[in-house]
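Each remark here refers to the structure printed beneath this line.
Just so you know, all these numbers are worked out from the coordinates, no wet-lab data involved. Just so it is clear, the model here is predicted, and its values are computed rather than measured. When we count neighbours, we look across all protein chains shown, and the Cβ atoms used for this are built from the backbone with ideal geometry, even at glycine.
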Amino acid sequence: MSSLNPYDSFLDGRPIDAILASSADAIAECLKVIGPGRLNLPPAPGKWSAAEIVCHLADCEIVFAFRLSQTLAEDGPTIQPFDQDKWAARYSGIPAAEALAAFSALRKWNLRLIRDALPGAASRTMTHPERGTMTFQAVVETMAGHDLNHLGQLRWIAAQPA
């Protein structure tokens, strides 16, 4: 795996495409266990609720789609970072199911893009202003690690007593 992936420590040894392909179903299962009564309750002060985590994942899927597409279309683009907390400020009231539907549709689209691009585009580069030069493959691995990080948070919420 790539050391440029800030979520490398979350990867669990499964193939990256298997992680990416299973995330939407894993998120759905967590939301089912959490239940509608707890989806909007933050697990602690200053922490995102399960619904907000899924909104964040949907937003990130948009960001990843743009970054991957830009890397395929341009030579060495500089990508735009974003402040996740400022984006999260608008999540209140967005149903978790709506966010999951957006994430699921975008993930299917991104999986098609990734499968069509790899392995040929694995070494194409982009510059992240905060992380430096990253390859297409490193961004794909980042997606998987990011999923597993937030799935861990959702599973933790699901394991708490109702």
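Computed values, structure above
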quantity: Region 18-28 - phi-based ³J(HN,Hα) in whole Hz, Karplus 6.51/-1.76/1.60, Gly and Pro as x; calculated: 5, 4, 4, 6, 9, 4, 4, 5, 5, 5, 4
quantity: Residue with peak Gaussian network fluctuation, the chain [Cα springs, cutoff 10 Å], from Ile53, Ile114, Ile27; calculated: Ile114
quantity: Highest-fluctuation residue, Glu98, Glu52, Glu61 considered, GNM on the chain with Cα pairs under 10 Å; calculated: Glu98
quantity: Local electrostatic count at Leu72 - Lys and Arg +1, Asp and Glu -1, tallied over other residues with Cβ under 12 Å; calculated: -1
quantity: Average Cα contact separation per residue, the chain, under 8 Å, 6 or more apart, as relative contact order %; calculated: 41 percent
quantity: Net charge contributed by nearby residues that have their C-beta within less than 15 Å of Gly152 (K/R +1, D/E -1); calculated: -1
quantity: Centre separation in Å (Cα based) which lies between region 4-68 and region 99-144; calculated: 15 Å
quantity: Per-residue [θ]222 nm for the chain (sum of -39500 (n - 2.57) over DSSP H runs n ≥ 4, rounded to 500); calculated: -20000 deg cm²/dmol
quantity: Max mean-square fluctuation residue, GNM over the chain, Cα-Cα springs under 10 Å, options Leu31, Leu20, Leu41; calculated: Leu41
quantity: Linear extension gain, Glu29 paired with Gln84, 0.36 nm per residue minus alpha-carbon span; calculated: 17.4 nm
quantity: For region 141-155, Karplus couplings with θ = phi - 60° (6.51, -1.76, 1.60), whole Hz, Gly/Pro x; calculated: 5, 4, 4, 5, x, 4, 4, 5, 4, 6, 5, x, 5, 5, 5
quantity: Estimated FRET transfer efficiency (Asn149, Asp116; beta-carbon r; R0 25 Å; 0.05); calculated: 0.45
